[in-house]
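Colleague: Sharing a structure below in structure tokens format, with a few things to ask.
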Amino acid sequence: MELVARDLACARGSVPVLEGVSFTLAAGQALMLRGPNGSGKTTLLRTLAGLQPPLEGSVSAPPESIAYAAHADGLKATLTVSENLTFWARIFGQSDIGPALEAFDLGDLADRPAQNLSAGQKRRLGLARLLVTGRPIWMLDEPTVSLDAASVAQFGRAVRGHLDRGGAALIATHIDLGFEAALLDISTFRARPRRIDSFDEAFA
Ligand SMILES: Nc1ncnc2c1ncn2[C@@H]1O[C@H](COP(=O)(O)OP(=O)(O)OP(=O)(O)O)[C@@H](O)[C@H]1O
């Protein structure tokens, strides 16, 4: 599925952050989102994923087509690895967690409660959830935090597999994931400084 963003403007905490953001993410394509700290990468991903409305512009893909992985892993601490994946799979109407366990090398940890995983293992479990969503467009915010080199490579393979199956991915990262991808530099879309004084004005 293709995602077309047209002339998007986005705010965070009533302060406009980005404007004039237009790009196309085609099926089978990965785009690397770049920009310095505070430039609006998270704000853009949240807007595209439907977690906050744009001030202006449009996003062609519905939120139901997007799987968003934020900074936080969002794991259920007392559930085991396989229970966490099963929980998420059911939410998305899926049942097979095998490929997700395998892709992120979680088989030996399947019966361990999430709260007893290391930081990198938690991150792998958080990313494995993408595979049980069945959603075609992945939006990932700094997905490789806490991952060692082998796990980054494993994650890169999971993304490539997703692209090969016709999926797409927009990834905020400065890490080389081991495959060619176009760059989307959002520092060119910085919004003019102005303040939105009310919700009504922002969304009029
Ligand atoms: N809840 C909030 N209220 C007000 N401003 C916020 C809020 N959250 C973030 N901001 C501001 O919005 C701007 C964009 O933040 P955002 O998190 O989108 O940037 P980023 O490019 O993802 O940054 P980083 O690379 O540091 O993760 C920053 O100036 C930030 O300080």
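Any read-out appearing in this document is the output of simple, stated calculations on the displayed coordinates, not a laboratory observation. These figures come from a predicted structure and were not determined experimentally. Please note: Cβ atoms are built from the backbone with ideal geometry, for glycine as well, and neighbour counts cover all protein chains shown.
Colleague: Quick check on the chain: helices-only [θ] at 222 nm, where DSSP H runs of length 4 and up contribute -39,500 (n - 2.57) each and the sum goes over total residues. Nearest 500, please.
Modeller: On the way: 6 runs with 56 residues, N = 204.
Helix-only estimate at 222 nm: -8000 deg cm²/dmol.
Colleague: Please turn the phi angles of segment 172-185 into ³J(HN,Hα) values with the Karplus equation 6.51 cos²θ - 1.76 cosθ + 1.60 (θ = phi - 60°), one per residue in order, whole Hz, x for glycine and proline.
Modeller: Karplus-based 3J(HN,Hα) across segment 172-185 equals 7, 7, 10, 8, 6, 8, x, 8, 5, 8, 6, 9, 10, 8 Hz.
Colleague: Based on the Cβ-Cβ distance of D96 and R190, what FRET efficiency does E = 1/(1 + (r/R0)^6) give at R0 = 41 Å, to the nearest 0.05?
Modeller: Numbers: r = 43 Å, r/R0 = 1.06.
It comes to 0.40.
Colleague: Let me ask another. Quick check on packing: order 65-73, 184-192 by the mean number of other C-beta atoms within 10 Å, highest mean leading. Walk me through the numbers on the way to the answer.
Modeller: Values: 65-73: 17.7, 184-192: 15.1.
Top of the packing list down: 65-73, 184-192.
Colleague: Would you please classify the overall shape of segment 64-150 from the alpha carbon gyration tensor, given that a ≥ b ≥ c denote the square roots of the eigenvalues, rounded means a/c under 1.5, and beyond that prolate means a/b larger than b/c while oblate covers the rest? Walk me through the numbers on the way to the answer.
Modeller: Numbers: a/c = 1.56, a/b = 1.12, b/c = 1.39.
Since a/c reaches 1.5 but b/c is at least a/b, the shape of segment 64-150 is classed as oblate.
Colleague: Counting only residues 5 or more places away or on other chains, whose amide H sits under 5 Å from the amide H of E2 once H atoms are built in the peptide plane?
Modeller: A27
Colleague: Still on this model: In 10 Å bins starting at zero, report the fraction of Cα pairs in segment 8-139 per bin as a rounded %.
Modeller: Answer for segment 8-139: a P(r) of 12, 37, 29, 19, 3 percent.
Colleague: Karplus couplings for segment 70-76 from phi (6.51 cos²θ - 1.76 cosθ + 1.60, θ = phi - 60°), rounded to Hz, Gly and Pro as x?
Modeller: Couplings: 7, 4, 7, 6, x, 8, 8 Hz.
Colleague: Tell me, what HN-Hα J-couplings in whole Hz come from the Karplus equation 6.51 cos²θ - 1.76 cosθ + 1.60 at θ = phi - 60° for each residue of segment 17-24, using x for Gly and Pro?
Modeller: In residue order, the calculated couplings are 10, 10, 8, x, 7, 9, 6, 10 Hz.
Colleague: What are the residues whose amide H is under 5 Å from the amide H of L184, where those residues sit 5 or more places off or on another chain and H is modelled from the backbone?
Modeller: M32, L33, R34
Colleague: Based on the mean of other Cβ atoms within 10 Å per residue, sort peptides 127-139, 15-27 so the most packed one is first.
Modeller: Working: 127-139: 22.5, 15-27: 17.7.
The packing order, highest mean first, is 127-139, 15-27.
Colleague: For helix 119-128, report the angle its Cα long axis makes with the longest principal axis of the Cα atoms of the chain; keep it between 0 and 90° and round to the nearest 10°.
Modeller: 80 degrees
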